[in-house]
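The values are calculated or read from the model by the stated rules, or taken from the named source; none is laboratory data. Bear in mind that the values here come from a model prediction, so they are computed numbers and not experimental data. We place every Cβ from the backbone using ideal geometry, glycine too, and count neighbours over all the protein chains shown.
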Amino acid sequence: MEETYEFTKEDLEEIEGIKAKFPEVMPATLPTLWVAQRRFGHVEPPVQRLVAETLGLPESHVHGVATFYTQYYKERKGKYVLDVCTTTSCQLCGGYKMLHYLEDKLGIKAGETTEDGMFSIQSVECLGACGYAPMMQITNDVYVNNLTEEKLDKVIDSLKEGEMPEFESVGMPLLENINDK
Amino acid sequence: MPEIFIDGQRYEFEEGDDRGVLQFILDQGKEVPFFCYHPAMSAPANCRQCFVKAGTPVKDRETGEFELDENGERKIRWFPKMQTSCSLGMQDGMVVKTQESDEDVARAQKDTMELILINHPLDCPICDQAGECPLQIQTYKYGPEGSRFEVKKQHKPKRVELGPRVTLDAERCINCTRCVRFTDEISESHQLTIVQRGDKNYPIAAPGREFNDPYSLNTVDICPVGALTSTDFRFKARVWEMNQTPSIDITGGKGTNVDLWTRDNLIMRITPRFNGEVNDHWMPDAGREAYKRFNENRISRPAIKLDGDNQSKTSWNNAIETFAETLESHKPEDVLVIGSPHASVEENFALMKVFNLWGVNNFKFAPHIEEGAGDGFLITDDQAPNTSGVKLLGYEESNDLSSEVSDAEIVIMLSDELIDRGTLSKEDLKGKFSILLSTNECETAAVVDLVIPVTCIAEHAASYVNVEGRIQRSFPAKETKYKDRSLDLEMNQGRLDRFGTNFDNWVTEENKVDCVPAWEIMNQLADRMGLEVKFGQSREIMEEIAGSNPAFENVSYERMDNEMGINLNTSNKQEATA
Ligand code: SF4
Ligand code: FES
Ligand code: FES
């Protein structure tokens, strides 16, 4: 039997709010998928269907949008999803090396989840942090920049403790500083 | 009038003409390669194949005059990048350079093609689309000789059954989105979408859903590559082995224009033929199934009931003799002639004329309507192609055919499976002498006393009047035992027909059915009974109808061919108001 999913009253209110922001329903697809993923932890096909029904959009459309983005989980993922960037800048700075290190360390391949349900690894496209390559993102949230094997070890250890690493904010160079040079 | 210059040549267009530059160029009989554009749908400009250079003349803001260069020519402000001509609107004075006059454009098109082909499998030798593939044709004409991409190609799903009738090979797909736009804009089932992204994307239905749109096979026609194929037709025939004959869809009342594709006197497939007044570029999937009726279960040679309920095959002479003797042993008042909305105007006319001359005046027909079956697009409640035609000829519509039959002694029926479709029952015909002119084996044919095989729409030229009162005609596509493609000027010849003889192993004599057009049967019957009537070709029969029946005034094959059908209602209305 396929699990059935339902939005809570609060979810539905939120979705109404999202819809009100756009002149048409279609653009509400992305944020509504987020609401769904937050609620159910994934957007497997039955959840995609729920989103389509809730918005009154074709199921095919929601499916197309969901599959376009690696950030939407079309299948259940581990508690922590490690999105390792393997696009050009990261690739050149060792993105694949980091990916393979993680794979060996956790004993799974990209796209898979560890048996204890703790970690999933994905190889993803550019996350817009090319200046700090190689980098990865954890469960659509914190960026971990300038990856090294040691850094990965530390991150994994702290995640196992249930601790998210700090968000590493790297400031923009200030205009004055540039002018100084 | 606004003007546009294409490759140095001046053309005029109407103010407010919203055709894109590409469509305008195509309409001039010129060419620019393209894939994603389709004249009936929106232009997303995603294949980038239709690149041209374009610019507009510079005007002096003060005077509004064109600025001229030192040679006195208009100064042109070129768009900084190449434009996709499909989505580029025409402007007064616009200058366009295509691959014909500009090497950069030719080069850009070639490079685009190289990109499109990176992951294309190039499996043309085993691909159904080969021979009618825009990608193949345009690569040959405009593409690169080789590819600089020597990396492994991306693999994608193959042989995916999208639905009951369409099979996808995702590797061949160039992601033009024509199929997706078809379900969004034309059939409005919204069943398809493009999934994934970049070099991994391809079209598919939502998970767990089927692409079972009643118009799904149109996506196979418009797919510019061999990605979408017809599950039924795939691997059955190469395009260049078939010949193509214009015809009309017989599975409904819309009169959808179609092409019949014939090889070795079998209809291999049916595809829609453009007619802006009727079906545009499209047809329902159900209409394509009709090809089976043209090939299978055909009645070949007449059959007669001799002892008890068993029919056996008989000669044409004997069939006509039996027909005539039966009539002669009865009075005209005993005879009921049942015309058919499934048969052409000419066939119904010929029957009516001969029996009328002999004195019969009981002409009925039963419409074949399925309430609620229609969809307001191309599928109609009417299940027959010529209901209006039979009516206009003067056959009386009957909703209670069985009581009509019970009053008659001889029942003559034209191509209509009346028992199969529940209008008559076997009991109704008990004790009557029943004669059926029929194309296919069916329950009705199985119980009558005399079965005479007649040609189907794929074997004769004849006209059909659709639900809107538009008369359109067919051409013979299949030879019968008595027809020869090379002698009949209305018939097309495919490569195999041209070079084949009866002794070649690709010519199968059994594929020709032993049947003749209904009007020829009427000729033989009239001749045997000494009636003064002789029908010529169906073309001449139509002339006769046009001359004698005001509803068909001025109708001729020539006009139908030139005007893609004639609307009988409007020509009558015009007369009425004139
Ligand atoms: S399957 Fe054909 S029509 Fe559909 S997107 Fe691909 S190439 Fe275009
Ligand atoms: S390439 Fe990795 S973040 Fe841009
Ligand atoms: S036809 Fe113009 S971009 Fe595809």
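Worth pointing out:
- Single unsatisfied condition, B:Val258 versus (1) within 16 Å of ligand 1 (Cβ to nearest atom); (2) more than 14 Å from chain A (Cβ to nearest Cβ); (3) free of Cβ contacts under 8 Å to residues at least 40 places away in the same chain: (1)
- Unmet criterion (only one of (1) within 14 Å of another protein chain (Cβ to nearest Cβ); (2) free of Cβ contacts under 8 Å to residues at least 24 places away in the same chain; (3) crowded, with 17+ Cβ neighbours inside 10 Å) for A:Gly111: (3)
- Flag for B:Thr251 being within 27 Å of B:Ala461 (Cα to Cα), in contact with a Pro (Cβ under 8 Å, 6 or more places away or on another chain), outside any strand (DSSP E or B) and of a type in the set (Ser, Thr, Tyr): yes
- Qualifying residue in segment B:332-339 (condition: under 25 Å from B:Gly565 (Cα atoms) and either under 30 Å from the mean Cα position of the chain (by Cα) or of a type in the set (Phe, Trp, Tyr) (or both)): yes
- Hits in segment A:121-153 (condition: more than 11 Å from the chain's Cα centre (by Cα) and more than 13 Å from ligand 2 (Cβ to nearest atom)): A:Thr148, A:Glu149, A:Glu150, A:Lys151, A:Leu152, A:Asp153
- Any chance B:Leu531 is part of a loop (DSSP other than H, G, I, E, B) and in the same structural domain as B:Glu325 (by TED's automatic domain parsing): yes
- Residue under evaluation A:Gly41, criteria (1) surrounded by 16 or more Cβ atoms within 10 Å (Cβ to Cβ); (2) more than 14 Å from chain B (Cβ to nearest Cβ); (3) within 15 Å of the chain's Cα centre (by Cα), criterion not met: (1)
- The residue of segment B:29-60 that is nearest to the other protein chains (Cβ to nearest Cβ), among those that are within 18 Å of B:Phe274 (Cα to Cα), more than 8 Å from ligand 3 (Cβ to nearest atom) and out of contact with any Lys or Arg (no Cβ under 7 Å at 6 or more places or on another chain), is B:Ala40.
- Note on segment B:199-248: residues that are touching a helix residue (DSSP H, G or I) at 6+ places or on another chain (Cβ under 7 Å) and basic (Lys, Arg) amount to 1.
- If you check B:Ile267, B:Ile320, B:Ile304 for being in a strand (DSSP E or B), farther than 22 Å from B:Val405 by Cα and either in contact (Cβ under 8 Å) with a residue 24 or more places away in the chain or of a type in the set (D, E, K, R) (or both), only one passes: B:Ile267.
- Members of segment B:154-187 found to be touching a residue at least 40 places away in the same chain (Cβ under 8 Å) and at positive phi, listed by number: B:Asn175, B:Thr177
Matching residues to (1) away from ligand 2 (no atom under 16 Å from the Cβ); (2) buried (at least 21 other Cβ atoms within 10 Å of the Cβ); (3) of a type in the set (Lys, Arg); (4) modelled with pLDDT of 95 or more:
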position: B:Leu135; (1), (2), (3), (4): yes, yes, no, yes
position: B:Ser147; (1), (2), (3), (4): yes, no, no, no
position: B:Pro157; (1), (2), (3), (4): yes, no, no, yes
position: B:Arg178; (1), (2), (3), (4): yes, yes, yes, yes
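- Of everything in segment A:58-73 that is within 22 Å of B:Gln191 (Cα to Cα) and surrounded by fewer than 19 Cβ atoms within 10 Å (Cβ to Cβ), the residue that is farthest from the other protein chains (Cβ to nearest Cβ) is A:Tyr69.
- Failed item in (1) in contact (Cβ under 8 Å) with a residue 12 or more places away in the chain; (2) within 29 Å of A:Val47 (Cβ to Cβ), with A:Thr67 passing the rest: (1)
- Wholly within segment B:1-113, strands (runs of 3 or more DSSP E) carrying at least 2 residues that are among the small types (Gly, Ala, Ser): B:51-57
- Residue-level check: of (1) without any contact (Cβ under 8 Å) to a residue 40 or more places away in the chain; (2) more than 11 Å from chain A (Cβ to nearest Cβ), B:Ser230 misses just (1).
- Inter-residue pairs, beta-carbon under 7 Å, first in the same structural domain as A:Leu99 (by TED's automatic domain parsing) and in segment A:145-169, second exposed (fewer than 13 other Cβ atoms within 10 Å of the Cβ) and modelled with pLDDT under 95, 6+ apart: A:Asn145/A:Val170
- In the set (1) within 29 Å of A:Gly56 (Cβ to Cβ); (2) within 12 Å of another protein chain (Cβ to nearest Cβ); (3) away from ligand 3 (no atom under 16 Å from the Cβ); (4) not hydroxyl-bearing (Ser, Thr, Tyr), B:Arg165 fails one condition alone, (2).
- Among (1) more than 19 Å from B:Phe294 (Cβ to Cβ); (2) among the basic types (Lys, Arg); (3) at pLDDT below 95, the one test that B:Arg485 misses: (1)
- Subset of segment B:476-507 that is surrounded by 13 or more Cβ atoms within 10 Å (Cβ to Cβ) and among the β-branched types (Val, Ile, Thr) - its residue that is farthest from the chain's Cα centre (by Cα): B:Val507
- Verdict on B:Leu68 being at pLDDT 95 or above, surrounded by 12 or more Cβ atoms within 10 Å (Cβ to Cβ) and either away from ligand 1 (no atom under 16 Å from the Cβ) or hydroxyl-bearing (Ser, Thr, Tyr) (or both): no
- Within segment B:354-401, the residues that satisfy the criterion of being in a helix (DSSP H, G or I), more than 28 Å from the chain's Cα centre (by Cα) and of a type in the set (A, V, I, L, M, F, W, C) are B:Val354, B:Phe355, B:Leu357, B:Trp358, B:Leu401.
- Top-ranked residue of segment B:272-311 - restricted to ones that are at pLDDT 95 or above and of a type in the set (S, T, N, Q), ranked as farthest from the chain's Cα centre (by Cα): B:Ser300
- Residues in segment B:188-199 that are on the phi < 0 side of the Ramachandran plot and at the interface with chain A (Cβ under 9 Å from one of its Cβ atoms): B:Ser189, B:Gln191, B:Leu192, B:Thr193, B:Ile194, B:Val195, B:Arg197.
- Taking segment B:205-227 as the range and being away from ligand 3 (no atom under 16 Å from the Cβ) and either facing chain A (nearest Cβ under 8 Å) or touching a His at 6+ places or on another chain (Cβ under 7 Å) (or both) as the test, the residues that pass are B:Ala205, B:Ala206, B:Pro207, B:Gly208, B:Arg209.
- Looking at B:Gly8, B:Gly20, just one residue is small (Gly, Ala, Ser), within 41 Å of the chain's Cα centre (by Cα) and surrounded by 14 or more Cβ atoms within 10 Å (Cβ to Cβ), and that residue is B:Gly20.
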